[in-house]
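Asker: Pasting a structure here, questions to come.
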Amino acid sequence: MRSSGRKQRNDQMRMCSIASGSSGNCIYIGTDATHLLVDVGISCKRTVEGLGQLGLTGKDIDGILITHEHADHISGLGVICRKYGIPIYATKGTITAIKRVSNLGVIDDSLFRVVREDEKFILKDITVNPMKISHDAAQPVAYRFQYGNRRMAVATDLGTYNEYTVECLRGMDVLLLEANHDINMLQVGPYPYALKQRILGNRGHLSNELSGKLLSRLLHDGLKTVFLGHLSKENNLAELAYETVRLEISMADNPYKPDDFPIYVADRSAMSRLAEI
């Protein structure tokens with residue numbers, strides 16, 4: 001990916017979902033010079049295989065940005081960081097919580113880097129800006145990325161959204177947004193009542209409907225690609241998420257139609273297409 005042939009691809013910024021879903025999340029963000037992962041909730045082997053499809057190895061990764069400490073976001077973190085010595089970026093609360101997860105094994109303290117909500121930092125040629133989210137974790141964040149005038153964001157595990165969320169996510173060229181569950185499937189499904197209430201609550205996950213309503217407020221002429229991510233294995237279907245979000249766009253009070261933007265559903269077990277801008 002860093003060969004002279006690759007560099008001729010003109011200053012692009014890229015996003016690809018290696019895996020996205022309730023059983024594991026790992027998103028690639030990069031340029032020719034900088035290669036980042038958002039979360040490593042799948043095995044090191046699967047992560048490296050995914051990177052291989054992008055022409056990369058674990059040695060190419062400049063940093064792993066952790067949104068929060070739940071297993072589907074960090075289960076592969078210990079192995080990949082010990083193997084490749086990759087720096088880990090997370091909030092102070094998330095780092096403290098990660099260190100309490102015994103099945104990750106020992107992670108060298110020197111690999112951790114503290115980030116703060118709404119405080120930008122630079123990793124080589126990418127500017128990273130964490131944002132607050134509402135989720136039942138220690139100190140969770142979503143991440144926005146900028147390279148020149150190109151902007152991308154990964155925003156999952158949102159129990160709810162507000163004006164702050166909308167302002168943070170405005171103007172993105174590429175957006176990976178949570179569409180976790182269909183409310184009816186969740187309500188009639190096998191989950192215990194307490195878990196259903198957690199998922200439906202303000203510190204849980206965005207339903208397909210809420211995802212569509214939020215996306216409708218973020219649409220703009222420059223939006224190139226939308227990925228719907230973090231779908232529940234038990235309480236959602238890719239087709240249902242896709243059609244529900246499109247329906248919300250069609251009903252929203254804005255000038256856009258669902259077909260105005262490419263919308264894709266990120267798979268839990270397969271690579272997404274590569275979005276390049």
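Asker: Considering the convex hull of the alpha carbon atoms of region 174-277, report its projected area averaged over all viewing directions, in nm², one decimal.
Answerer: Details: hull surface 27.7 nm².
Directional mean of the projected Cα hull area for region 174-277 stands at 6.9 nm².
Asker: Now, a different point. Normalise the Debye intensity by I(0) for region 15-86, one equal point scatterer per Cα, no solvent, then take log10 at q = 0.15, 0.23 Å⁻¹ and round to two decimals.
Answerer: The computed values of log10 I(q)/I(0) come out as -0.39, -0.96.
Asker: Rounded, prolate or oblate for region 46-95? Axes are the square roots of the Cα gyration tensor eigenvalues, ordered a ≥ b ≥ c, and the cut-off for rounded is a/c under 1.5. Don't skip to the end; give the middle numbers.
Answerer: On the way: a/c = 2.17, a/b = 1.74, b/c = 1.25.
Prolate.
Asker: Also, quick follow-up: For the chain, rounded, prolate or oblate, judged on the Cα gyration tensor with a ≥ b ≥ c (square roots of eigenvalues), a/c < 1.5 rounded, else prolate if a/b > b/c? List each step's numbers first, then the result.
Answerer: Details: a/c = 1.60, a/b = 1.17, b/c = 1.37.
Oblate, because a/c is 1.5 or more while a/b does not exceed b/c.
Asker: Specify the inter-centroid distance of region 184-251 and region 25-83, based on alpha-carbon positions, in whole Å.
Answerer: First find each Cα centre; the distance between them is then 25 Å.
Asker: Please work out the average accessible area per residue across the chain, using the 1.4 Å probe convention, and give it in Å².
Answerer: Working: 11770 Å² over 277 residues.
Result: 42 Å² of accessible area for each residue.
Asker: If you place +1 on the Cβ of every Lys and Arg, -1 on the Cβ of every Asp and Glu, and leave all else neutral, what size is the dipole of region 80-213 about its Cα centre, to the nearest 20 Debye? Present the calculation step by step, with values, prior to reporting the outcome.
Answerer: Numbers: 18 positive and 14 negative charges, 74 e Å.
That gives region 80-213 a dipole magnitude of about 360 debye.
Asker: Any of K45/K257; K83/K124; K83/K120 with alpha carbons more than 32 Å apart? Name them for me.
Answerer: On the way: K45/K257 40 Å; K83/K124 22 Å; K83/K120 28 Å.
Beyond 32 Å between Cα atoms: K45/K257.
Asker: Which residues' amide hydrogens lie under 5 Å from the amide hydrogen of V265, considering only partners 5 or more residues apart or on another chain, with H built in the peptide plane?
Answerer: Here L228 satisfy the definition.
Asker: Hey, got the dipole for the chain? About the Cα centre, +1 on K and R Cβ, -1 on D and E Cβ, debye to the nearest 20?
Answerer: On the way: 33 positive and 32 negative charges, 166 e Å.
It works out to roughly 800 debye.
Asker: Let me make sure I get this right: for region 89-194, a, b and c are the square roots of the gyration tensor eigenvalues over alpha carbons, sorted descending. Under 1.5 in a/c it's rounded, otherwise prolate if a/b > b/c, else oblate. Which is it?
Answerer: Working: a/c = 2.31, a/b = 1.14, b/c = 2.02.
The shape class here is oblate.
Asker: Also, quick follow-up: Would you work out what percent of the accessible area of region 117-264, with all protein chains in place, is carbon or sulfur (probe 1.4 Å)?
Answerer: Details: 3330 of 6470 Å².
Roughly 52 percent of what the probe reaches on region 117-264 is carbon or sulfur.
Asker: Which one, N202, Y256, G93, projects farthest toward the positive side of the charge dipole computed for the chain from Cβ point charges (K/R +1, D/E -1)?
Answerer: Going by the Cα projections, it comes out as G93.
Asker: Once label points are set 7 Å from the Cα along Cα→Cβ at both E163 and D125, what is their separation, rounded to one decimal in nm?
Answerer: The two pseudo-label positions are separated by 3.8 nm.
The values are calculated or read from the model by the stated rules, or taken from the named source; none is laboratory data. Source: prediction; values computed, not measured. Here the Cβ is made from the backbone with ideal geometry for all residues, glycine too, and neighbour counts use every protein chain on show. Heavy atoms of the whole protein, side chains included, go into the accessibility calculation; ligands, DNA and RNA do not. Shrake-Rupley method; radii C 1.70, N 1.55, O 1.52, S 1.80 Å.
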